């Protein structure tokens, strides 16, 4: 992009003709200012209607950075941590944000889309032949419910399964549900050897809260003891012998937690986006459950955790699931992710002669980074680690074909 050719008018015109931006910007009073070195360009918003020019007032959000940094952000294929504004700020890669935090959360979908429109035509991978099923096709997995007694309460847990052979329990990410694993169910090279079981955590997806408990009057925080009990009780109820556990994000941390505490139950664990600890303070994430911020914010944040080259349809589907969840659940799951879980001084106790440990890290993930995954593997003698190029935080749902190339060698090793 040549910044000298960029004008308020051309940017505003692009936004005014973009359906995604207009949907996200509805009702916005204020605007966006991008500072490129000493120059500034802007979008003014009046109840969601965009015009060219530098906006004023309390609803204005600013992003400031050097021309060098912005050149990376608006590249056709941005490198890791420059593909998303929040990723850049979180990893201290050169951008500075200004403006009201709540307004930023309310309109982050519009802000991020406006910046995407500064890029050349994107290079996300197209859908493959077969990704769109024929009319009448019935997918492979069968969904069922099982009742588990968790901490003294009856929980009706939803799970889907397909395949035969070694049981493989699969847990979704924070605030999500088991649909993230849907592509694996349609891979016969996996289901011919593994019985895949994807479950929804309590209060996620189709696993409704327990009827015996006044959950609506309590703060939802996902704690380790409760979380660890879910796959253990599920394996017990389904009479699974030496199952494998695979989880992503929160589930990726849980995988290592289970390897440390319950190596007698699991044959192996696969930690997708795993780490020894994730730095953060749960109080910093309050805008994820705020009366003035809807679930669209969570969805767009997740988009920024994915690789820009992953198929856009699958990235948007992954984000869609986040917008569909019970409002408190994502923030509550992060209690385990950033506060309860920490294996920094315990990981060396994991015996990989008792339980296999395999860690996979997505190149574009700015939360469970490749550096964190590699450090976790270094601390666990006998574990394996690989960086998954061209994917981010949700490899199994954002780019299942790419994920398969990294997963199959691990499954081969486990089956062998």
Yes/no for residue 87 being under 28 Å from residue 362 (Cβ atoms), exposed (fewer than 14 other Cβ atoms within 10 Å of the Cβ) and under 28 Å from the mean Cα position of the chain (by Cα):
no
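Could you tell me whether residue 176 is surrounded by 12 or more Cβ atoms within 10 Å (Cβ to Cβ), in contact (Cβ under 8 Å) with a residue 24 or more places away in the chain and on the phi > 0 side of the Ramachandran plot?
The answer is no for residue 176.
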Scope region 329-378; condition surrounded by fewer than 16 Cβ atoms within 10 Å (Cβ to Cβ) and touching a residue at least 40 places away in the same chain (Cβ under 8 Å); matching residues:
344, 346, 349, 351, 354
Quick check on residue 64: is it touching a helix residue (DSSP H, G or I) at 6+ places or on another chain (Cβ under 9 Å) and either outside the structural domain of residue 281 (by TED's automatic domain parsing) or surrounded by 18 or more Cβ atoms within 10 Å (Cβ to Cβ) (or both)?
no
In region 21-32, how many residues are more than 8 Å from residue 45 (Cβ to Cβ), surrounded by 16 or more Cβ atoms within 10 Å (Cβ to Cβ) and within 24 Å of the chain's Cα centre (by Cα)?
2
State which residue is surrounded by the most Cβ atoms within 10 Å (Cβ to Cβ) when the search covers only region 184-204 and only residues that are touching a strand residue (DSSP E or B) at 6+ places or on another chain (Cβ under 6 Å) and part of a loop (DSSP other than H, G, I, E, B).
202
Can you pull out every residue in region 259-281 that is buried (at least 23 other Cβ atoms within 10 Å of the Cβ) and not in a strand (DSSP E or B)?
259, 266, 273, 274, 275
Limited to region 132-166, what total is found for residues that are assigned to a loop (DSSP other than H, G, I, E, B) and touching a strand residue (DSSP E or B) at 6+ places or on another chain (Cβ under 7 Å)?
5
Say whether the condition of being outside any helix (DSSP H, G or I), more than 19 Å from residue 256 (Cα to Cα) and assigned by TED's automatic domain parsing to the domain that holds residue 146 is met by at least one residue in region 220-234.
yes
Some residue of region 117-131 being touching a strand residue (DSSP E or B) at 6+ places or on another chain (Cβ under 7 Å) and under 21 Å from residue 296 (Cβ atoms)
no
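The values are calculated or read from the model by the stated rules, or taken from the named source; none is laboratory data. It should be emphasised that the depicted structure is a prediction, and the values quoted were computed from it without experimental measurement. FYI the Cβ positions are ideal-geometry reconstructions off the backbone, even for glycines, and counts take in every protein chain you see.
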